[in-house]
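Take a look at the structure set out below.
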């Protein structure tokens, strides 16, 4: 599987395993996710895309149509349900339920600013820079102004050395509420060592959990995150999370997905 993912060289490649229908009904469809370099326990967009492919196959086969409304994937992090809604314009909207968040280390502004090559004053103090995980951990970095986000050139080697100190930690995810568009709640960038990601669903789930915890979003409020603009691959991500007392839970990340190609792979 790793060799195939390396050969396709896509951002993520998923593998769907056959299993008994009764097991799928309770535990979900078994799926493993790979980048060209490693296996991931969880990732947002391959989860949504794979669930969409499975949904479309169910509809095409006219088999078990009741499962076309929700597809459950069993990933390394556990079972992740994805619910689908048909919009009036014909688009299909899928929304996954991610794992309840865990809130980790709070990071020093001066240190993180140095990694990013910006002044610490450019980092917002609306909420702390913090490691959050809903299946895959990211450091959420709030930035005051959109222009700072647009011109970011973080030092990836310094960031790699920094994140390796925290077991399991991935990369920094940069967000700003300075969107200059009332319909968009956040602009985001996912700039990683292997390149820039046009959409990071796993980090988006972490971000909405962080927003709800620190009062930047209300419980169950849908926040529209736009990512990928700077690399001319704009992506629209819709996120929400609930709150009960001090607990943040029921993290949901959604968007539209369409099939664009089919083919066969020969071994």
*asked:* Restricting to the range 26-40, and then to whatever is within 19 Å of residue 79 (Cα to Cα) and free of Cβ contacts under 8 Å to residues at least 40 places away in the same chain, can you tell me which residue is surrounded by the most Cβ atoms within 10 Å (Cβ to Cβ)?
replied: 34
*asked:* Just to be sure I understand the filter: pairs with C-beta atoms under 8 Å, separated by 6 or more residues or on different chains, first member in the range 66-88 and in the same structural domain as residue 19 (by TED's automatic domain parsing) and in contact (Cβ under 8 Å) with a residue 24 or more places away in the chain, second member surrounded by fewer than 19 Cβ atoms within 10 Å (Cβ to Cβ) and assigned to a loop (DSSP other than H, G, I, E, B). Which pairs pass?
replied: 75/41; 76/41; 77/41; 84/69
*asked:* Being surrounded by fewer than 10 Cβ atoms within 10 Å (Cβ to Cβ) and at negative phi is the filter here; which residues of the range 223-258 pass it?
replied: 244, 246, 258
*asked:* Taking the criterion of being in a loop (DSSP other than H, G, I, E, B), assigned by TED's automatic domain parsing to the domain that holds residue 236 and under 24 Å from residue 241 (Cα atoms), would at least one residue in the range 105-121 satisfy it?
replied: no
_Take the conditions in the same structural domain as residue 237 (by TED's automatic domain parsing), within 30 Å of residue 16 (Cα to Cα), crowded, with 17+ Cβ neighbours inside 10 Å and touching a strand residue (DSSP E or B) at 6+ places or on another chain (Cβ under 8 Å) and apply them to residue 134. Does it pass?_
yes
*Quick check: is even one residue across the range 13-26 modelled with pLDDT of 95 or more, more than 22 Å from residue 261 (Cα to Cα) and touching a strand residue (DSSP E or B) at 6+ places or on another chain (Cβ under 8 Å)?*
no
*Could you list all residues from the range 178-195 that are under 23 Å from residue 136 (Cβ atoms) and surrounded by 14 or more Cβ atoms within 10 Å (Cβ to Cβ)?*
185, 186, 187, 188, 189, 190, 191, 192
*Can you spot a residue in the range 165-175 that is surrounded by 18 or more Cβ atoms within 10 Å (Cβ to Cβ), touching a strand residue (DSSP E or B) at 6+ places or on another chain (Cβ under 7 Å) and farther than 25 Å from residue 39 by Cα?*
yes
*assigned by TED's automatic domain parsing to the domain that holds residue 106 and loosely packed, with under 14 Cβ neighbours inside 10 Å - does that describe any residue in the range 197-211?*
no
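The values are calculated or read from the model by the stated rules, or taken from the named source; none is laboratory data. Not measured: the values here are computed from a predicted model. Ideal geometry is used to build each Cβ from the backbone, glycine not excepted, and the neighbour counts take in all protein chains shown.
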